[in-house]
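The values are calculated or read from the model by the stated rules, or taken from the named source; none is laboratory data. Bear in mind the structure is a predicted one, so any value in this text is a computation, not a measurement. With ideal geometry, Cβ positions are generated from the backbone for all residues, glycine too; neighbour counts draw on all protein chains shown. Just so you know, the surface numbers come from the protein's heavy atoms only, side chains and all, with ligands and any DNA or RNA stripped out. Shrake-Rupley method; radii C 1.70, N 1.55, O 1.52, S 1.80 Å.
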Amino acid sequence: KNGQIPVLMGSLSQPFYLFPGVQEVRDLGVDVQRIIVYPFTMGCTSIHERICEKDERPAHQVSIKRNFWMMTSEVTQKLYFDVLFINPSAHQGDELPVEKISWRDAIFFANRLSEKEGRERCYELVHHRVVWSNPNCSGWRLPTEEEWEYAARARSPASFSGGDYLPEVAWFASNSQRKTKPVCTKKKNDFGLCDMSGNVLEWVFNQYVPYLSEDESSSLRVLRGGSWYYSARAFRVSKRFALPEKSRCNDCGFRLVRY
């Protein structure tokens, strides 16, 4: 009754959440696919040599160290709300992919989902930097760029994830009516994953640097997969996008992986 008086002290650079100290561990029923790994060629392959961009080169051999589980679909608004009790999306709907998500938002969500399911947290914040110190962490995390491209290709030479006919596998500028669509309403790829091409862009863990570079100074993070906003030329499985890690756009979403 003393009447607290709000005082404007400035704006927070990140979302601010309050959670109860103890929460019940529960299975949220996330649909996943087992991804069995083999060596593969990442980047601009000879099939697309004439249309690839500089940051897709050189094509190079990659051997991912461990099999992993990947979410079948992009994180939906329902799942995001079930974990964080908020929904920042511009296009609202439980089965639509969550969007207006920054890379840091996705990192925070991954840790919270791990906690809710009783798994190990993969990320820590150290001096305002996100640190993934244990590469064998058992909790949820963003895929690496290598894991994402391998899963999108699904060991197929197709131009897009799931086939060579884009309208069959993706929501993009020509068929989306300029908005997101319910997840998994297009054809899945050979690994059983949907919307790896189209619907929303997907954040991956990696910094945006040239392939085979040891530079770790980039302020940008990589996104993959194209979205409802882009035309067909943006949907090759090797196509790379980049934004600052705090950026939120209405076609920026994500999916997670775990061991």
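Taking the condition of being touching an Asp or Glu at 6+ places or on another chain (Cβ under 6 Å) and hydroxyl-bearing (Ser, Thr, Tyr), how many residues in the stretch 74-98 meet it? Spell out the reasoning first.
We begin by selecting, within the stretch 74-98, every residue touching an Asp or Glu at 6+ places or on another chain (Cβ under 6 Å); these are 74, 76-78, 89, 97.
Next, from what is left, pick out any that are hydroxyl-bearing (Ser, Thr, Tyr): 76, 89.
Count: 2.
Taking the options SER213, SER174, SER218, name whichever one is open to solvent by 40 Å² or more (accessible area, probe 1.4 Å), at pLDDT below 95, of a type in the set (S, T, N, Q) and assigned to a loop (DSSP other than H, G, I, E, B).
On the way: SER174 fails: at pLDDT below 95; SER218 fails: open to solvent by 40 Å² or more (accessible area, probe 1.4 Å).
Residue meeting the stated conditions: SER213.
For the stretch 104-147, what are the residues that are under 17 Å from the mean Cα position of the chain (by Cα), of a type in the set (A, V, I, L, M, F, W, C) and either surrounded by fewer than 19 Cβ atoms within 10 Å (Cβ to Cβ) or within 16 Å of TRP69 (Cβ to Cβ) (or both)?
Residues satisfying the conditions are ALA110, LEU113, CYS122, VAL130, TRP132, TRP140, LEU142.
Kindly provide the set of residues from the stretch 52-83 that are closer than 25 Å to LYS186 by Cα, touching a residue at least 24 places away in the same chain (Cβ under 8 Å) and open to solvent by 70 Å² or more (accessible area, probe 1.4 Å), ordered by number.
If the condition is that a residue be closer than 25 Å to LYS186 by Cα, touching a residue at least 24 places away in the same chain (Cβ under 8 Å) and open to solvent by 70 Å² or more (accessible area, probe 1.4 Å), then TRP69 is the only one that fits.
Any residue at all in the stretch 37-47 that is more than 16 Å from ALA152 (Cα to Cα) and either in a helix (DSSP H, G or I) or modelled with pLDDT under 95 (or both)? Walk me through how you get there before you give the answer.
Looking only at the stretch 37-47, we keep the residues that are more than 16 Å from ALA152 (Cα to Cα), and these are 46-47.
Add one more test, that the residue is either in a helix (DSSP H, G or I) or modelled with pLDDT under 95 (or both), and what stays is 46-47.
Yes, some residue in the stretch 37-47 is more than 16 Å from ALA152 (Cα to Cα) and either in a helix (DSSP H, G or I) or modelled with pLDDT under 95 (or both).
Taking the criterion of being touching a residue at least 12 places away in the same chain (Cβ under 8 Å), of a type in the set (Phe, Trp, Tyr) and in a strand (DSSP E or B), would at least one residue in the stretch 90-103 satisfy it? Working first, answer last.
To start, the set of residues in the stretch 90-103 that are touching a residue at least 12 places away in the same chain (Cβ under 8 Å) comprises 90-103.
Still in the running and of a type in the set (Phe, Trp, Tyr): 103.
Okay, now just the ones that are also in a strand (DSSP E or B), so none.
Looking for residues that are touching a residue at least 12 places away in the same chain (Cβ under 8 Å), of a type in the set (Phe, Trp, Tyr) and in a strand (DSSP E or B), one finds none in the stretch 90-103, hence no.
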